[in-house]
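Only one structure is covered here, and it is reproduced in the block below.
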Amino acid sequence: MTTDRLDAAPVRPQRTGPGPLDRWYEAAGVRGGVRRMFHADQERGLVFFPEALVPHLGHEAVRGLDPGLRRELTIRHLYQFLLSTTHLETRVVNAAAEAVANDRAGLPGLDAALRMDAFKVYCDEGYHALYSLDLADQVAAATGIPVPAWDYGGFVDRLAEAGARLLPGEPVLAALLQAVVFETLITAVLNQLPGDPTVVGTVRTLMRDHAVDEGRHHRFFSLLFQEMWARLDRPLRIRAACALPGLIHAALTWDLTPVQGSLRLAGLDRTTALEVVRDSYAGDAARTNEMARATLRLCASVGAFDLPGVRDAFAAHGLGDGGVTLP
């Protein structure tokens, strides 16, 4: 947000209550975790990624593929998740965390403890990126299925374009809101995969490690959002609230170029691969609302839906439709 919209605060209050990362030095994965190693001989008969979480595997053009090719599709889907994570954590979330930590976010009077928490998040997210790349490299070496040399971070440019379009002139605010959205979304991968006994143990354990840290990050970014919201004037609150559904939609739009490439490697022709992608990744209002449930509640907690035009903006993006009622 532009700093001239806000009054500088000469005194920075100190937090007196408990914070979301108070036990970070004892509990964070980067502080006490161990490197997760993949051992092929211990993982026979298990899958690298649950087929139920790979949308294109249910398409009629893919169901009849040789089991070996379907296995390769799941492994490349794992690669896409892991390497997209490296871009998300370092280029989206850490960009926001760094701005907060170094007091460059236009948030006058922000609690010093919250700024230190932002540095803790920054350390965590760098570690998540490291072990995601590490696991992808280990799986490729063990299976002989290479990680394709594709751009797994193309969605970052799309997010930047969405932020510039939805909040022109407010690049810092847009970046902070994008990080809040990502860190408060509910993903099936981190929620369901760690408890799936059919998945190789190393993948499940890594996802569980990630989920534990992300639970604390969710609380941090929820608190940051409330602090940020309190500092916006009413016109900027309205603009931010009306931009949020578009930012949520952008965050939940899967990067389809690697998916199409994976299908081509499995033997599908270009036309069929495009058809599978189109059919498998069409918008699903109920799924979108479920994944954004915590984000919607956060918006409700600050009264965003009471502002003019905001409910209509959310409804225009399918948020609140599909049998799901806005808070």
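Here, each number is a calculation from the coordinates, and none is a lab measurement. None of these values were measured; they are calculated from a predicted model. Here the Cβ positions follow ideal geometry from the backbone for every residue, glycine too, while neighbour counts run over all protein chains shown.
Between residue 316 and residue 69, the contour length at 0.36 nm per residue exceeds the Cα-Cα span by 85.0 nm. Once the chain from residue 257 to residue 290 is taken as fully extended at 0.36 nm per residue, the excess over their C-alpha distance is 9.4 nm. Between the amide H of residue 199 and those of 47, distances stay under 5 Å, these residues lying 5 or more places away or on another chain, with hydrogens modeled in the peptide plane. Does a label point 7 Å from the Cα of residue 188, set along Cα-to-beta-carbon, have any residues of the range 43-58 with amide nitrogen under 16 Å, and which are they? Under cut-off, by backbone N: 48-58. Relative to the longest principal axis of the Cα atoms of the chain, the long axis of helix 154-166 lies at roughly 30 degrees. Taking the charge dipole of the range 38-188 about its Cα centre, with +1 at Lys and Arg Cβ atoms and -1 at Asp and Glu Cβ atoms, the residue from 145, 182, 172 reaching farthest to the positive side is 145. Under the criterion of Cα pairs below 8 Å and six or more residues apart, the relative contact order for the chain equals 24 percent. Rounded to the nearest 20, the Cβ-based charge dipole of the range 163-214 about its Cα centre (Lys and Arg +1, Asp and Glu -1) stands at 140 debye.
As a proxy for reagent exposure, ranking 301, 280, 262 by other Cβ atoms within 10 Å from fewest up yields 301, 280, 262. Rounded to the nearest 0.05, what FRET efficiency is calculated for residue 157 and residue 279 with R0 set to 25 Å and r the Cβ-Cβ distance? That pair, residue 157 with residue 279, gives E of 0.50.
The ratio of the alpha-carbon radius of gyration of the range 212-327 to the globular-protein estimate 2.2 N^0.38 Å is 1.31.
Dipole magnitude of the chain about its Cα centre, charges +1 at Lys/Arg Cβ and -1 at Asp/Glu Cβ only, in debye to the nearest 20?
Numbers: 33 positive and 39 negative charges, 78 e Å.
Dipole size: approximately 380 debye.
In which sequence would 207, 291 go, from the one with the fewest C-beta neighbours within 10 Å to the one with the most?
Fewest-to-most Cβ neighbours within 10 Å comes out as 291, 207.
Specify the angular offset, from 0 to 90 degrees and rounded to the nearest 10, of the alpha carbon long axis of helix 201-230 from the longest principal axis of the alpha carbons in the chain. It works out to around 20 degrees.
Where only DSSP H runs of four or more residues are counted, the chain gives -19000 deg cm²/dmol as its mean residue ellipticity at 222 nm, each run worth -39500 (n - 2.57). For the peptides 100-108, 32-40, 150-158, 81-89, residues were scored by their other Cβ atoms within 10 Å and the scores averaged per peptide; the highest-first order is 81-89, 100-108, 150-158, 32-40.
For the peptides 58-68, 181-191, what is the packing order when you average, over each peptide's residues, the other Cβ atoms within 10 Å and list the highest mean first? Kindly include the intermediate steps, with their values, before the conclusion.
Numbers: 58-68: 12.3, 181-191: 18.7.
So the order, starting with the most tightly packed, is 181-191, 58-68.
Rounded to two decimals, what is the ratio between the C-alpha radius of gyration of the chain and 2.2 N^0.38 Å?
In units of the globular-protein estimate, the chain measures up at 1.04.
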